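**Q** Structure in structure tokens, see below.
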Amino acid sequence: MAKEKTPVLVCWIGGNDLKAATGGLPGPILSALRAAEFARAELLCSYPRTELETYQTWLAAQTSVPLAVTQVPLTSPVDFAEIYEAADQHLRQLQSTGESLAILLSPGTAAMQAVWILLGKTRYPAIFYQSSLEQGVQQVDIPFEIAAEYVPAASEISTVSLSNIALQATPVNAAFDNIITRNKNMLLLKQQAQVLAQKLVPVLVYGETGTGKELFARAIHNAGPRSDKPFVAVNCGAIPPELIDSTLFGHKKGAFTGAIADRPGVFQQADGGTLFLDEFGELAADVQVRLLRVLQEGVCTPVGGIEQRVDVRLIAATHRNLMVEVAEGRFREDLFYRVAVGVLHLPPLRQREGDLLLLCDALLAALGQQDTSLSGKKVSPDAKNIILGHAWPGNVRELQATLVRAALWCHGDTIELQDMVGALFEIPSGTDGATAVDVAQGVDIQKLMGEFVRPYLQHALAQTAGNKTRAARLLGLKSQQTLSNWMEKYDID
């Protein structure tokens, strides 16, 4: 019998991998290289070359596995078309040499993961791995098969449409009507935001990732008196420290190496309109000082230039509790109070009672408007139970991405249970659930147990197509009757 080939590991280099080079946890790639045997590692990287070289040197010192690193200059880490082209070209070259392929899904964006799954289940058969702190490195069984000649909905979608669907950017004409909700707390927030829109005061928006902070910011801008002026958005957490001043305030030609022309900063670009600073809490202390001066005096100084007067309406967003950051000395108190005039706390999706299935219908309808081949998609009752049982740590953004994947894979107009299970990514939580509950206020322990157990029961039944005996075995229960008792106790059909 011929010996099975040792596979080549293929993946993108992610942010947690780069952080590993500066100390701390090993990151998904090194963890995978230590956990399984690979002929070599083929790594794709969209980060700057300086960061890539530092990581490559560090990784080579940590493992004996041969490394091949390719830099891919993506316009955006969620540009579906560019990611697909780069991954397809790389896998095609490897397949032509007869290599056996293994794909590590964990590093990279959701768009990168979706492309790996699409290619690894169709054109370039591969085994899949994932890496997490809680469960270590595991081989993943993707629970569906797709013939390369027949990829259901995806085969009918143009590359441009697929790219737009994957990006799912906030519409530039976003209005408060785009914020879909029937939840009383969200309805109150919409009313408050509509009042703030008319007042031109600075606004601070709190919320977890994916809760719709930029959607609120654009709606406030579009409903206000500056709606015909620029709206400029910048992610403060994504700006390299050496470029922060140039990005915010601009620079003059020759101000530093690489400054080959004058470049306006985001304050100049937003002059007369609205500047949206996302991940506002990530700004370093020295940058906070310079930002405060701009807000107080209305002037900014480009790198290598002279003062310029600017007039912007500031909307800032963060997932951090800035009051805690202020108390612990990591954020300037004067800057906090300068920005926190109008404050909106956006709740996570798990706290928006009554909104989950409403959002599903709205997101699928919007998907059908973007491409007619995806119009008319519905969710089956069993698939809705999976949706209701999931925690959605990525909030609306995760729900949207999951529905896109499920709609692409499903064979007809109805997203079935297996489509939804296959589309879900279980991302380990960094929070200890036991510490997130305030026992001093009293808790319903039976309800908490039900919330924990229910999704596991549903997933096990989904994996076994409703076979209780096999599902009980997957869950470590003694018998089918025990599973039936639990299903009755926690109201699962």
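The values are calculated or read from the model by the stated rules, or taken from the named source; none is laboratory data. Bear in mind that the values here come from a model prediction, so they are computed numbers and not experimental data. Methodologically, a virtual Cβ is constructed for each residue, glycine included, from the backbone with ideal geometry; neighbour enumeration extends over all protein chains shown.
**Q** Give the number of residues within segment 295-348 that are farther than 19 Å from ALA233 by Cβ, touching a Pro at 6+ places or on another chain (Cβ under 9 Å) and touching a residue at least 60 places away in the same chain (Cβ under 8 Å).
**A** 4
**Q** Hey, any hits in segment 101-121 for a residue that's more than 27 Å from ARG397 (Cα to Cα) and of a type in the set (S, T, N, Q)? Please lay out each step first, then the result.
**A** Here is the first cut: in segment 101-121, the ones more than 27 Å from ARG397 (Cα to Cα) are 101-102.
If we keep only those that are of a type in the set (S, T, N, Q) too, we end up with none.
No: zero hits.
**Q** With the structure loaded, tell me whether GLU398 is assigned to a helix (DSSP H, G or I) and modelled with pLDDT of 85 or more or whether it fails that test. Even if it seems obvious, please write down each step before you answer.
**A** Details: assigned to a helix (DSSP H, G or I): yes; modelled with pLDDT of 85 or more: yes.
When the stated conditions are applied, GLU398 passes them.
**Q** Please report, ordered by residue number, the helices (runs of 4 or more DSSP H) entirely within segment 314-384 with at least 1 residues that are assigned by TED's automatic domain parsing to the domain that holds LEU277.
**A** 322-327, 333-339
Every residue, every condition in (1) more than 34 Å from the chain's Cα centre (by Cα); (2) exposed (fewer than 13 other Cβ atoms within 10 Å of the Cβ); (3) assigned to a helix (DSSP H, G or I), yes or no:
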| site | (1), (2), (3) |
| --- | --- |
| GLY450 | no, no, yes |
| VAL453 | no, no, yes |
| GLN458 | no, no, yes |
| LEU461 | no, no, yes |
| ARG470 | no, no, yes |
| ARG473 | no, no, yes |
| LEU477 | yes, no, no |
| LEU483 | yes, no, yes |
| TRP486 | no, no, yes |
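**Q** Could you go through segment 46-57 and let me know if any residue there is more than 25 Å from the chain's Cα centre (by Cα), under 27 Å from VAL234 (Cα atoms) and assigned by TED's automatic domain parsing to the domain that holds ALA126.
**A** Taking every residue of segment 46-57 in turn, at least one turns out to be more than 25 Å from the chain's Cα centre (by Cα), under 27 Å from VAL234 (Cα atoms) and assigned by TED's automatic domain parsing to the domain that holds ALA126.
**Q** Shifting gears a bit: How many residues does segment 74-116 contain that are buried (at least 20 other Cβ atoms within 10 Å of the Cβ), closer than 26 Å to LYS5 by Cα, in contact with a Phe, Trp or Tyr (Cβ under 6 Å, 6 or more places away or on another chain) and not hydrophobic (A, V, I, L, M, F, W, C)?
**A** 1
**Q** For segment 117-127, indicate whether the set of residues that are in contact with a Cys (Cβ under 7 Å, 6 or more places away or on another chain), in the same structural domain as ALA39 (by TED's automatic domain parsing), surrounded by 21 or more Cβ atoms within 10 Å (Cβ to Cβ) and not aliphatic (A, V, I, L, M) is non-empty.
**A** Of all residues in segment 117-127, those in contact with a Cys (Cβ under 7 Å, 6 or more places away or on another chain) come to none.
No: zero hits.
**Q** For segment 194-222, what are the residues that are buried (at least 17 other Cβ atoms within 10 Å of the Cβ), hydrophobic (A, V, I, L, M, F, W, C) and farther than 21 Å from LEU295 by Cα?
**A** Hits for segment 194-222 are LEU215, PHE216, ALA219.
**Q** Taking the criterion of being part of a helix (DSSP H, G or I), free of Cβ contacts under 8 Å to residues at least 60 places away in the same chain, in the same structural domain as ALA316 (by TED's automatic domain parsing) and in contact with a strand residue (DSSP E or B) (Cβ under 7 Å, 6 or more places away or on another chain), would at least one residue in segment 226-243 satisfy it?
**A** Keep residues of segment 226-243 that are part of a helix (DSSP H, G or I), which gives 236-238, 241-243.
Next, only the ones that are free of Cβ contacts under 8 Å to residues at least 60 places away in the same chain stay: 236-238, 241-243.
Those still in the list that are in the same structural domain as ALA316 (by TED's automatic domain parsing) too: 236-238, 241-243.
Remaining after also requiring in contact with a strand residue (DSSP E or B) (Cβ under 7 Å, 6 or more places away or on another chain): 236.
Yes, some residue in segment 226-243 is part of a helix (DSSP H, G or I), free of Cβ contacts under 8 Å to residues at least 60 places away in the same chain, in the same structural domain as ALA316 (by TED's automatic domain parsing) and in contact with a strand residue (DSSP E or B) (Cβ under 7 Å, 6 or more places away or on another chain).
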